[in-house]
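Notes for the one structure printed next.
Taken together, the values in this text are just the output of simple stated rules run on the coordinates, not laboratory data. All of these numbers come straight from a predicted model, not from anything done at the bench. Cβ placement follows ideal geometry from the backbone for every residue including glycine, while neighbour counts extend to all protein chains displayed.
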Amino acid sequence: MAIGVIPEPSPGWPLSGISEPLLEVCDLTVRVVRPEGTAAVVAGLDFRIARGETLALLGESGCGKSMTALALMRLLPPAVVAVTGQVRLAGADLLRLPERAMRRVRGGQVAMIFQEPQTALNPVLTVGAQVAEAVRRHTGRHGARAVRERVVELLGEVGIPAPRERLGDYPHQLSGGMKQRVVIAMALAGRPQLLIADEPTTALDVTIQAEILALIVGLQRRHAMALLLITHDLGIVAETADRLAVMYAGRLVEEAPCAAFFAGPAHPYGRRLLASRPSLDRRAAAPAGIPGRVPPPGASVVGCRFAERCDLAAPACRSAEPAWHPVAAGHRVRCHRWAEADPPPADAAARRPRPAGETEVLLRVDGLVVHFPIRRGLLGREAGRVRAVDGVSLTLHPGRTLALVGESGCGKTTVGRALVRLVAPTAGALWYRGRDLARLGGRELRALRKDLQIVFQDPYGAMNPRLRVGDIVGEGLRTMGLASGRAARCRVAELLEQVGLAAEDARRWPHAFSGGQRQRIGIARALAPEPRLIVCDEPTSALDVSVQAQILGLLARLQRERAIAYLFISHDLSVVAQMADEVAVMYLGRIVERGTVDEVLDRPRHPYTRALLSAVPVVEVAARRPAIRLAGERPSPARPPAGCRFHPRCPEALAVCGRTDPPEVCLGGRHWVSCLRAG
Amino acid sequence: MTPRWSVLLPALVVGLWALAALAAPWLPLAPDRIDLPRILAPPSPAAWLGCDDLGRPVLDRLLVGARTALLVGFGVVAVSALVGTLIGAVAGYVGGWVDLVLVRVIDVFLAFPGILLAIALAGILGPGLGNVVIALSVVGWVGYARLARAQILSLKQRDHVLAARALGAGPVRILARHLLPLALAPLIVEATFGVAGAVIAEAGLSFLGLGVQPPAASWGSMIRDGVGYMLVAPHLVLGPGLAILLVVLAINLLGDALRDRLDVRGARGAEPG
């Protein structure tokens, strides 16, 4: 396709049944200027959005989707980035508008919502002042009273309770979800025709995410706005979008109506992505994943960019970049071999055998309490306590996975760290081989550390950037005196191969590896002393879906081979469904419900578990549950409410719930719940 | 790449300074040769920078003085950076009452005007090169301690430190292997500026007569000796004055360049070591 020429309408295009497009993007290319030359991080994008339509731009990290959004808004620094092509909004080419006119478009005709509400708001201005600024800029209202009324109206529209009282609040006084609502109110101020939402819920908890998505979709319908939703989450796409465009390594590879895509993606990348996605109902299935890694942004690739990772790739795929092929009306794909069926999966034993019945107990947590003192004043007097963990009991079995599920701030990470004694328990016992870990110290504890290891969430922060991979993985061997010198080097090489890396990688620095590869290094480090329990603290939440599947597969394989017990800490119920044998749901320092995966996920009894489950975005239309909305905000763990901790937000609460702390009740089998209404 | 003059020129100045200081004992210099007929002689081919109030060649004394400045500059920084980093790192890592006590001590030292404290100490200890280094180090360690403590406090929350603890690493190993190497970059930058500060402080003490004693040469004492003749023989003050200016400016420029290089936020990208 020649640059600067409007492309010929290809077959299956324009899309039938769609009225005149609001936004028309032709051959949009974003080149990053680097010392060694320019590199195209977004290459020849073309798509359209009709008025009132939702188009999801789906892709994994580094595929150029955020760059695309910023390029549409002309928010990329011109010194670093060259943008070519055409972006026509209602006829006017945004890339050629003078900057003055473009300023009227931003926030006026087109508004944008960012991922991090924390950084999208100015911390030193009140919420009212920030929304008022947007109102004055884009509506021409200037009277203080009129602006104020409009601000209150906007805040009310995005569901902020008692908006008039919130005007004088500063961003830090609001929760993450409320801040995102304020950001949305600012975006609405100019009555935009197009709203660009760049991962608007990725930084939020799952129950809040469901509310914000419902809000965005509701506003979009009411104002007949077009919505460009940028996301990596297939579930969100399925629940909110009309059409989707899949991006891979800077290129669009497929464009389809949502229903058609989820019924059968044409591009092998889309098919693999869908197979990689854990689902609430796909229990214990070994995840598929996509081998290899995305070419780095701006890499020059001859032929199809996905060919390296594609199991359908033919020689033609490596020599010529595929053009658009029509699949059906409104469905097109950039693939030579889209009509081919998938080869049968290599690993036929997809289901992981679940150990049944009672097995021996590896570690028993009994009434674990971890409080962090809040110190104030010169002498550091204790002014209060954050009750991070407030009476948690769990049992871990060899070779099995117990998942600890909860939203941010519920104390799940603290439980994990207390288990491996990285934080000292305030009270309670950790029974391991007849000894109470909570009472051990010094040399005795050091001797037991060998058996208890941990894998962290952030694959970047979890390793010392000044050590080579071999030293990182071999750290435990040396500190515990398990091996040294040549023996240690051999063991490190062996460990690296077990986690799917090469023995030569021991000599490289950690920054040379991608997020998924670093997580493998972290797993190898934890495996080195041959532990019997590994605490996996959100090991995949920083990773892309296709990489997450690889890591989950690796963890499952290692567990099969070595009978390691996992405490799998996660906020993602779909991942939990796939990984866990047993589940414990945590809220504000307590476990509210626990049992086997099937018991908890199929027959949730606690209202909080039900709300969590209902909030998970689901691809399959039949499996969707009506959303249960939780009232109010999560209270601070420094001042937990009396009685049942969940009662202020519980849709089923009785008067007695505010007075009585619910005891744990057995519902049969291993299913326990702490709810007064469960008896 | 094009040569960066803002780095090359200062590097050249500092290089010449270090060369002069290190080679001074082997050069045919006569810093202490009194030549009464040439008292206050202006620059001439025989003595490029002229002679001082006792007829001693200014250039020779300048080169010997470079040695004093270098010894004090690097000596003070070596001692105070080492002691300060150690104390700060321990305070930051151990925490609790140890930290509380050390922070109070640091605050007390910071409450004194540094140079006054150094003057008092140098007065008590008596003159001499070694005592100047001690006096300036007693004042100088505090900055490194504060910086090291802040660095360690923010680094010790990182997951890789937790991972090392989970693998059974003891506190000494964690400090030496997992914390200090990551905290080093800003400390090195601080130390670079510290050399310049120490050169000026030494010149100041010598100017007040608290540094090296006559007949040994130091830039500060040369300026003091020359001040009385400023109107008749300005070269006595100009020589050492310009030497101090050039060296301090060059070191500060190098420090800036070093900071720009090392101060890459997030250790993700930077190739270590």
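When A:87, A:25, A:42, A:33 are screened for being farther than 15 Å from residue A:196 by Cβ, of a type outside the set (Ser, Thr, Tyr) and either part of a strand (DSSP E or B) or in contact with a Ser or Thr (Cβ under 7 Å, 6 or more places away or on another chain) (or both), only A:33 passes. Evaluate the following for residue B:145: is it within 29 Å of residue B:72 (Cα to Cα) and surrounded by fewer than 23 Cβ atoms within 10 Å (Cβ to Cβ)? So residue B:145 fails the test.
Do we have residue A:656 as among the aliphatic types (A, V, I, L, M) and within 21 Å of residue A:402 (Cβ to Cβ) here? Judged against the criteria, residue A:656 is not a match. Of all residues in the range A:79-95, those satisfying the criterion of being of a type in the set (Gly, Ala, Ser) and closer than 15 Å to residue A:44 by Cα are A:82, A:85. Only one of (1) closer than 26 Å to residue A:238 by Cβ; (2) in a helix (DSSP H, G or I); (3) not small (Gly, Ala, Ser) is not met by residue A:115, so which one is it? Failed condition: (2). When B:106, B:87, B:124 are checked against the criterion of being surrounded by fewer than 16 Cβ atoms within 10 Å (Cβ to Cβ) and either hydrophobic (A, V, I, L, M, F, W, C) or touching a helix residue (DSSP H, G or I) at 6+ places or on another chain (Cβ under 9 Å) (or both), a single residue qualifies: B:124. Filtering A:152, A:135 for residues that are part of a helix (DSSP H, G or I) and free of Cβ contacts under 8 Å to residues at least 40 places away in the same chain leaves a single hit, A:152. If you check B:45, B:31, B:37 for being in contact with a strand residue (DSSP E or B) (Cβ under 8 Å, 6 or more places away or on another chain) and either part of a loop (DSSP other than H, G, I, E, B) or more than 28 Å from residue B:195 (Cα to Cα) (or both), only one passes: B:31. Counted as qualifying within the range A:559-673 are the helices (runs of 4 or more DSSP H) with 3 or more residues that are closer than 27 Å to residue A:212 by Cβ and of a type in the set (Ser, Thr, Tyr), namely A:607-615.
On the stretch given as the range A:499-516, residues that are within 24 Å of the chain's Cα centre (by Cα), under 15 Å from residue A:472 (Cα atoms), within 14 Å of chain B (Cβ to nearest Cβ) and buried (at least 17 other Cβ atoms within 10 Å of the Cβ) total 2.
A residue that is under 18 Å from the mean Cα position of the chain (by Cα), within 30 Å of residue B:41 (Cα to Cα) and assigned to a helix (DSSP H, G or I) cannot be found anywhere in the range B:171-187. From the residues in the range A:453-479 that are more than 7 Å from every other protein chain (Cβ to nearest Cβ) and crowded, with 24+ Cβ neighbours inside 10 Å, which one is nearest to the chain's Cα centre (by Cα)? Residue satisfying both the conditions and the ranking: A:459. Whether any residue in the range A:523-539 is away from chain B (no Cβ under 14 Å) and either closer than 21 Å to residue A:277 by Cβ or within 31 Å of the chain's Cα centre (by Cα) (or both) is what I want to check. Scanning the range A:523-539 turns up no residue that is away from chain B (no Cβ under 14 Å) and either closer than 21 Å to residue A:277 by Cβ or within 31 Å of the chain's Cα centre (by Cα) (or both). Pairing residues of the range A:618-647 that are surrounded by fewer than 18 Cβ atoms within 10 Å (Cβ to Cβ) with residues that are assigned to a loop (DSSP other than H, G, I, E, B) and among the β-branched types (Val, Ile, Thr), at Cβ distances under 6 Å and at least 6 apart in sequence or on separate chains, gives A:624/A:618.
For the residues B:177, B:165, B:158, B:149, the requirement of being within 30 Å of residue A:453 (Cα to Cα) and away from chain A (no Cβ under 14 Å) singles out B:149. From the set of residues in the range A:278-322 that are part of a loop (DSSP other than H, G, I, E, B) and either among the basic types (Lys, Arg) or free of Cβ contacts under 8 Å to residues at least 12 places away in the same chain (or both), which is surrounded by the most Cβ atoms within 10 Å (Cβ to Cβ)? Filtering the range A:278-322 for residues that are part of a loop (DSSP other than H, G, I, E, B) and either among the basic types (Lys, Arg) or free of Cβ contacts under 8 Å to residues at least 12 places away in the same chain (or both), the one surrounded by the most Cβ atoms within 10 Å (Cβ to Cβ) comes out as A:305.
Exactly one residue out of B:35, B:52 is out of contact with any helix residue (DSSP H, G or I) (no Cβ under 9 Å at 6 or more places or on another chain) and either among the acidic types (Asp, Glu) or touching a residue at least 40 places away in the same chain (Cβ under 8 Å) (or both): that is B:35.
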